[in-house]
Structure formats: C-alpha cells, structure tokens
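The values are calculated or read from the model by the stated rules, or taken from the named source; none is laboratory data. Keep in mind that what you see is a predicted model, and the values were worked out from it rather than measured. Here the Cβ positions follow ideal geometry from the backbone for every residue, glycine too, while neighbour counts run over all protein chains shown. Heads up: the accessible areas ignore ligands, DNA and RNA and are worked out on the full protein's heavy atoms, side chains in. Shrake-Rupley method; radii C 1.70, N 1.55, O 1.52, S 1.80 Å.
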Amino acid sequence: MATLKDVARETGLAVSTVSRVLNNRGYISEETKKSVYDAMKKLNYQPNEMARSLSKQTTNTIGVIVPHISHPYFAELISHIEAAANSRQYKILLFNSKYRDEKEKEILDMCNRNRVAGIILCSGTVEMDKFKGIDYPIITIERCLEMGTAAVECDNLKGGRLAAKHLIEAGCKNLAIISGVRGNFMPADEREIGFVEVCAEYGVKHRELKTDQTQYNSTEYHELLEKLLSGRDIDGIFASSDLIAAQTLQVCAKLNIKVPQELKVVGFDDVFLSSLTTPTITTIHQPIKEMAGMAISLLIDAAGGKIVPSRTTLPVSLVKREST
C-alpha cells in the first residue's frame, strides 16, 4: 500500500509539501496540486481520513442542510455545491430538513460526530439558536444570516423589479405575484418588494399572494393557481420560482388560457425545468453555480482562520423565453 513518502518520491516534492496539498493549507500552485493528485492516482494512494481528522480536529467534510432534495432549485444547488466542494478536495454530508423542524440537534450531533469543517445552511426552517457555541463556520445561502458566519444571496430585490418591468413593458396591466411562505421571512421575499415597487412606479394594478408551509413542503400549487386564474382578470404573473411558473402553465392549459397571448408568465431561478416546458419560461436567472462556489470558498477560508465578508450578493438577469 502506497504511503505519503511514496507520493513525495514520485513527485520529487517534500513530504511536507504533499501534506499541505492534501490538507489544503497555505498557497500551493495548481501545477503542484496536479502533480500530487496525478501521483496519488498512479500509486492508488488513499489518505487516512481518520488520522487526518484526529490531527486537524476536522475532516474535509462539509455539512449541507437543505429543505428539499427533489425541488428543482435545491437539486441544482446541491449538485453545484458538491462539484465546488469536490474541486477543493472536500466531501459533503447532506441533510434534508423537510418535516424535521424539531431535529436540529440531531443534525448538529451528526455534524459534530463527523468532525465537519463547517456547515452550508440553505433551509429556512432550521432554528439558528440550536447552533450556539459551535466552533466551525456556518455559511448561509438565501436565508437570513442571524448567527451565521457569512451569507450568500442573489439580488432578489432587482429580480423582482426586472420581472415587473418586463411584464409591464410586454403590455400587462393587471399583475399578480406568487411569493414566499407566509410568516417566514427570507431574503427571497425581497422579490415581492421589488415587484411591488415597480408596479407602484408605473401605476399598475397588482395582487400579492403568499404561499403556505404545506404548499412549500409538498411543492403543490395547482389549487392556489386555479383559484387565482378562474374567472380571472389577471394578464401577467410573476412566480417566485420556476416550479410555480411551470405549474401555472399546467393550470393555464387546463383552463384554456393561452400563454403568452392571454397571460404572460415570469419565473425565478432559471433552473433546467424552465427550458423544458411548453412554452418555455421567461425567468430571472439566479447564479446558482456561482453562489454554490462562493459558499464553499467562504467556508474553507473561514475554517482556515481568514476574515470573510459577512454578506455577498450576486447579480441576477432576465432571460426572455416564450412565456412572455
């Protein structure tokens, strides 16, 4: 079985340099990293994770907490987080907080037992006070920072403004927004604020609909949408996710409402689903890949003792497709 010394001998590097690469400590050139990883692959060298964790008090494992696994947005986010972690030689330990409102302690205990380097928190149902006193970083994605180390968000306010302006410029005069979960404020709620601001600026009628926790957990919005659109006077809808926008198209088909001729629809996220529907969905592009990469970088930097910005906001953009 190959050893650390064998890898060092193969690369011509010092054992300490190879160790720094494996533990991601200090500056190492990409050329040196590649040389070490190529040698590890050639020699089939497997680092002793347990020994490394005992010496460092942490492993190269990151806890990731999401409220959904099957939801298109979170499925895509998880994929990008895993890819970004893997590129830095980290693994993820995934937790689904759906229907687990009282199990934060169980999640935290598992993170502690696995000696995680930190946690990326994407769930709005997990109570932050359960994380008091932990000594590793918590990076939040699209939720309020509260006690976390750093927050990563997209420009939700601008996204709402872009959606409203696009619908108005497309000729809509009676709009509706289907927003976040009632009574659970999240950064995504700023989409509604931006949307309402633009409607007020243009003097355009609008309705604001909140969803509830049951709808969010089940990802089922058809009943809400049918009530909105039956006997409707709505000619434009801004859905706070592409999933809701896709279900809007289904309800329109059921009620014989032509999109975009009679109703125009804008979603949010720009996940793969938005390009698969008929018609395809005009949406606000959220830089999910970049947000995932930023969260991983902030966590690793914070775990290494570096000072990181408390809040990072990444830009959004309008992607025009067939639904408008």
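Descriptive notes on the structure:
- Search result, residues across the range 270-324 that are of a type in the set (S, T, N, Q) and more than 14 Å from the chain's Cα centre (by Cα): SER274, SER275, THR277, THR278, THR280, THR282, THR283, SER297, SER310, SER317, SER323, THR324
- Any chance SER297 is open to solvent by less than 30 Å² (accessible area, probe 1.4 Å) and either within 30 Å of ARG20 (Cα to Cα) or not aromatic (Phe, Trp, Tyr) (or both): no
- Test: residue in the range 169-179 that is within 25 Å of the chain's Cα centre (by Cα), within 30 Å of PHE95 (Cα to Cα) and either assigned to a strand (DSSP E or B) or of a type in the set (A, V, I, L, M) (or both): yes
- Residues considered: ARG232, ARG207. Of these, the only one that is part of a strand (DSSP E or B) and open to solvent by 10 Å² or more (accessible area, probe 1.4 Å) is ARG207.
- Every residue from the range 109-147 that is closer than 19 Å to ILE81 by Cβ, among the aliphatic types (A, V, I, L, M), modelled with pLDDT of 70 or more and open to solvent by 20 Å² or more (accessible area, probe 1.4 Å): MET110
- Any chance ALA295 is hydrophobic (A, V, I, L, M, F, W, C), under 30 Å from ASP135 (Cβ atoms) and either touching a strand residue (DSSP E or B) at 6+ places or on another chain (Cβ under 9 Å) or in a strand (DSSP E or B) (or both): yes
- Test for GLN213: is it at pLDDT 95 or above and open to solvent by 20 Å² or more (accessible area, probe 1.4 Å): no
- Residue ID - surrounded by the fewest Cβ atoms within 10 Å (Cβ to Cβ), chosen from residues in the range 29-65 that are at pLDDT 90 or above and among the aliphatic types (A, V, I, L, M): ILE65
- Sole exception among (1) among the small types (Gly, Ala, Ser); (2) within 25 Å of the chain's Cα centre (by Cα); (3) not in a strand (DSSP E or B) for GLY267, by number: (3)
The rows are residues; the columns are (1) of a type in the set (S, T, N, Q); (2) in contact with a Lys or Arg (Cβ under 6 Å, 6 or more places away or on another chain); (3) crowded, with 19+ Cβ neighbours inside 10 Å.
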site	(1), (2), (3)
LEU263	no, no, yes
GLY267	no, no, yes
VAL271	no, no, yes
THR277	yes, no, yes
ILE284	no, no, yes
GLY293	no, no, yes
PRO309	no, no, no
LEU314	no, no, no
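- Whichever residue in the range 187-204 is part of a helix (DSSP H, G or I), more than 24 Å from the chain's Cα centre (by Cα) and not charged (D, E, K, R) and, among such residues, is farthest from VAL152 (Cα to Cα): TYR202
- All conditions but one from (1) open to solvent by 50 Å² or more (accessible area, probe 1.4 Å); (2) among the aliphatic types (A, V, I, L, M); (3) in a loop (DSSP other than H, G, I, E, B) apply to VAL259; the one that does not is (1).
- Subset of the range 235-256 [open to solvent by less than 10 Å² (accessible area, probe 1.4 Å), assigned to a helix (DSSP H, G or I) and either farther than 17 Å from SER317 by Cβ or without any contact (Cβ under 8 Å) to a residue 12 or more places away in the chain (or both)]: ILE244, THR248, VAL251, CYS252
- Hey, ARG321 among the basic types (Lys, Arg), closer than 23 Å to ALA83 by Cα, in contact with a strand residue (DSSP E or B) (Cβ under 7 Å, 6 or more places away or on another chain) and open to solvent by 30 Å² or more (accessible area, probe 1.4 Å) or not: no
- Here SER70 clears all of (1) closer than 30 Å to GLY267 by Cα; (2) open to solvent by 20 Å² or more (accessible area, probe 1.4 Å); (3) at pLDDT 90 or above except the condition numbered (3).
- Hits in the range 273-297 (condition: in contact with a Ser or Thr (Cβ under 7 Å, 6 or more places away or on another chain) and aliphatic (A, V, I, L, M)): ILE281, MET294
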